[in-house]
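Structure first, commentary second.
A short reminder: the numbers here are calculations on the coordinates, not readings from a lab. Just so you know, these numbers come straight off a predicted model, no measurement behind them. Don't worry about glycine lacking a Cβ; one is built from the backbone with ideal geometry, like all the others, and counts go over all protein chains shown.
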Amino acid sequence: MDNLSKLGWLAAEILLKEGFKEYNYQPEEVGVVLANSNSSLDNDLKYADTIKEFPSPAVFVYTLPNIVIGEICIRHKFKGEHAFFIQDNFDAEFIKQQVNYLLENDNLQACICGWVEVLEQNYKAVLFLVEKKKTEKSLLFSAENMDNVFNKD
Amino acid sequence: MSVKDVFVVTDNIFSPLGKTTAENFTQLKNNISGVKQHDDKALSPTPFFASLFDKDEIFIDTTNHTRHAEFISAPHRTDSQHDDHLADGVLKQVQHDIQLSYTKFEQLLIASITDALQNTGINSKDKKTILIISSTKGNISLLETEANSEALQKRVAMSTSAKLVAAHFGFQNQPLIISNACISGVMAIITGMRLLRAGQYENAVICGADVISKFIVSGFQSFQALSDTMCKPFDKARTGLNLGEGAATVVLSTNKQFEGNIKVKGGAVSNDANHISGPSRTGEELAYAIKQAIKDADIATSDIDFISAHGTATVYNDEMEANAIGLAGLQTAPLNSLKGYYGHTLGAAGLIESVVSIQSLKEDLIISTPGFKELGVTSPVNVCVSPMHINADNFLKTASGFGGCNAAVVIGK
C-alpha cells in the first residue's frame, strides 16, 4: 500500500472502531466521498523513479487517488457510491452537498467523507462518518461543523 | 420527487481522428481507427500500439497564449473568495517557476471546450455555469522532464490546470475536478447531472482529457496489460488494451430552451470491494450500478436500445463486464466497444464514448467494434460487428477501473 492508502485506511479504522454497526447496512448502502489537492503525487514521484530502472506494477497501481477508496471499500466491504475529487483546499460545502444528494436520494444510507492528503513529509486526514440516524455523539452534518473539525490543530 | 430534466446542449470530441464530433463520427462510419504502431523511444523502449496525436500537432492557436499571459499579468477582479484565491499564489508561482505556456493536457481541454461552446448560447462567464474536468493523470508527464520541486508539484496539480482553463474561458465558479481512474469521464457526467438536478447550477461544461506519456505507457506495460497488436474487445483472442489520448466535452443544461434535446437520464457508481487492480469475479457490482442507473432514469431495462461498453480488451475486464451485462438482463442489447478506434483514453474515455453514442442516437446508427471476431466471454453479449441502423431512444454507457470502481449512465431521447 502507498502512503496515501495507508493514511486513509488507518483513519477509517479509527473512525469506524467505535459506534459503527456494519450489520445495519447492506454493502451497497455505504459509500465513500474523498478529496485532496495533490492526487497521488506522493506515489507518482516514487513511480517516476522506478521508470528509470524497472517500472514497478506494484507502485504503478497506486498512481491513482481513488485507490485509497478501493482499499477502504475492500477492508469494510463497502460497495456503494464513491468519488474522488481534487480540490485546492478542503471544500466542506461541496462535500456536504455531494454526500447530502446521495443520502437524500437513497443512493446511500451511510457515507464516509473527508480529506486524505499525503505529499512527502506532509500529511493530513480528516474523515467523517455520516449516518441518517442521530446518535448520542453525533453532530449535525454541516459544512461549518466539518470546517471546525478540519481546522482544529 | 420530481426530477429536473438534464439536456445535452452540445458536445465535442478532440482526438487523433478529428477535432469535432462530426469529424470523428465520419471517421468511425468509414471504419478508420486512430490506433497504429508507434516506435517512439521517448514513450517506450519497444514499439507499441496506441492512438496518439502527431508530435507536431497544434491544438490551439497562439492568440490563446496571449490571452493567457494577459490573465497572469492582470487577473480579473471579482468578489468571490475562490476567485481571489485563484488570482494570487499558484498562478504567479507557475509563471515564475516553470513555464508560461499551456501544457498539452491544458491545450486539449481548451481546444475541446472552445469547439463545444461555439454557437451554443451557453455563457461560460455566467454564475449559473460550472466547469467540470475529468482526468486520471493530467500533467503527470512533467515528472519525466522536470526535477522535483515545490514549483513542479504545483504545476502538476490538477487544480492548477483547472484554474488556467477556467480563467481562459472566464468561468466564475471554482472548477470541479474528478480523478477516479477509468470511470472519471462517466462519473463527471453523473456528477454534472446531479449538480444540475439539485439546482445548484443551470449549466455544466464537462470536459475530460488525458495525455499518453512514458509514465502511463510504462505502467501499463509493467502490468502486461498492453496488447502487442490492435486490441480485440470481447474477442476470444484478446490479450490486452491499446492506450489512446484525446479530449471530449459535453455541455449539459436544465434550461427549458433545450427541451427536445437528448437527456442524461440517470446514473450510478459502485465499488467491487474485491481487489485494487483486478475486477470483480462476478460482475455483480457493475450490474448493480447498471440497474441503479436504469432505475434512476425511470425507464425499463428493455428500453435500453444499445450499450457503449468499456470493453478494454483485457481478459478480465471484458469477462467481468459481460457477466455484469448478463446479470442486468441486457445480454441481447447490441453492444459496442470503441477502444479499437480510440484506444483507452483513460479519463476522457467515458466522455468520448458517450459523445459518439449521443451521435448514434441522432443518426440512428450504432458504430461497430473493430478487432472483434469471435465471442470470447463466458456470459454472451451481442457485440456489433458492423455499423447497425436502428431506431434507438436510449443507450447505456458503462465504465470500470482500478480501485474496483464501476459507473453506468443512461442517456436518451
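Just a few scattered comments:
- Average beta-carbon neighbours from other chains, 10 Å sphere, peptide B:266-279: 6
- Relative to the longest principal axis of the Cα atoms of chain B, the long axis of helix B:315-327 makes an angle of roughly 70 degrees.
- The relative contact order of chain B comes to 22 percent, based on Cα pairs under 8 Å that sit 6 or more residues apart.
- Cross-link pairs B:Lys373/B:Lys397; A:Lys46/B:Lys163; B:Lys163/B:Lys413 - those with Cα-Cα distance over 24 Å: A:Lys46/B:Lys163; B:Lys163/B:Lys413
- Between segment A:85-123 and segment B:217-236, the Cα center-to-center distance that results, in Å: 34
- Distribution of pairwise C-alpha distances over segment A:3-151, 10 Å bins, in %: 11, 41, 33, 11, 3, 0
- Rounded to 10°, Cα long-axis angle of helix B:62-73 versus longest principal axis of chain B: 50
- Simple rule: put +1 on each Lys or Arg Cβ and -1 on each Asp or Glu Cβ in segment A:3-151, find the dipole, and look at A:Ala48, A:Val126, A:Ala12; the Cα lying farthest toward the positive end is A:Ala12.
- Along each principal axis, Cα extent of segment B:280-380, largest first, Å: 31, 28, 26
- 5 Å binning of all Cα-Cα separations within segment B:237-301, expressed as whole percents from 0 upward: 4, 12, 13, 14, 17, 19, 12, 5, 3, 0
- Hypothetical label at B:Glu144: residues of segment B:218-259 whose amide nitrogen lies under 15 Å (7 Å Cα-Cβ projection): B:218-222, B:243-246
- Computed label-point distance, nm, for sites B:Asp56 and A:Tyr123 using a 7 Å Cα→Cβ extension: 4.9
- Helix-only mean residue ellipticity at 222 nm for the protein assembly as shown, each DSSP H run of n ≥ 4 adding -39500 (n - 2.57), per residue, nearest 500: -10500 deg cm²/dmol
- Here the 3J(HN,Hα) profile of segment B:29-41, calculated from phi with Karplus coefficients 6.51, -1.76 and 1.60 at θ = phi - 60°, is 4, 8, 6, 9, 9, x, 7, 8, 7, 10, 10, 9, 5 Hz, Gly and Pro shown as x.
- Dipole orientation for the protein assembly as shown: of the candidates B:Phe59, A:Ile74, B:Ala324, B:Ala324 has the Cα lying most toward the positive pole (charges on Cβ; Lys, Arg +1; Asp, Glu -1).
- Per-residue shielding of A:99-109, expressed as the average number of other chain Cβ atoms within 10 Å of the residue Cβ, stands at 2.
- Entry note, segment A:3-151: relative contact order of 33 percent, from Cα contacts under 8 Å with a spacing of 6+ residues.
- Pair B:Gln224, A:Glu93: separation of 7 Å Cα→Cβ label points (nm): 5.2
- Under 19 Å from a label point set 7 Å out along the Cα-to-Cβ vector of B:Ala22, the amide N atoms of segment B:313-356 belong to B:355-356.
- Under the Karplus curve 6.51 cos²θ - 1.76 cosθ + 1.60, θ = phi - 60°, whole-Hz ³J(HN,Hα) for segment B:304-314, x wherever Gly or Pro sits: 6, 8, 7, 10, 9, 7, 5, x, 6, 6, 7
- Label sites at A:Asp49 and A:Asn105, each approximated as a point 7 angstrom past Cα along Cα to Cβ, lie 4.3 nm apart.
- For segment B:22-64, the equivalent ellipsoid derived from the Cα gyration tensor has semi-axes of 23, 20, 5 Å, listed largest first.
- Helix axis angle, A:67-76 relative to chain A longest principal axis, alpha carbon, degrees: 50
- Across every pair of non-identical alpha carbons in the protein assembly as shown, the mean reciprocal distance, once inverted, gives a Kirkwood radius of 23.3 Å.
- The rule of thumb for compact globular proteins, 2.2 N^0.38 Å, goes into the C-alpha radius of gyration of segment B:339-408 1.18 times.
- Fewest neighbouring Cβ atoms within 10 Å first, the residues B:His38, A:His76, B:His310, B:His389 line up as B:His389, B:His38, A:His76, B:His310.
- Summed residue charge, Cβ within 13 Å of A:Asn105's Cβ, Lys/Arg positive, Asp/Glu negative: -1
- Using a Förster distance of 35 Å, the FRET efficiency for B:Lys29-A:Ser138 (Cβ separation, nearest 0.05): 0.05
- Of all DSSP beta bridges in the protein assembly as shown, antiparallel share, percent nearest 5: 60
- Net charge over other residues, Cβ less than 13 angstrom from the Cβ of A:Leu119 (K, R count +1; D, E count -1): -3
- Ellipsoid equivalent to chain B - semi-axes via the Cα gyration tensor, in Å: 32, 26, 19
- FRET efficiency, 1/(1 + (r/R0)^6) with R0 56 Å, evaluated for B:Lys127 and B:Thr378 via beta carbons: 0.65
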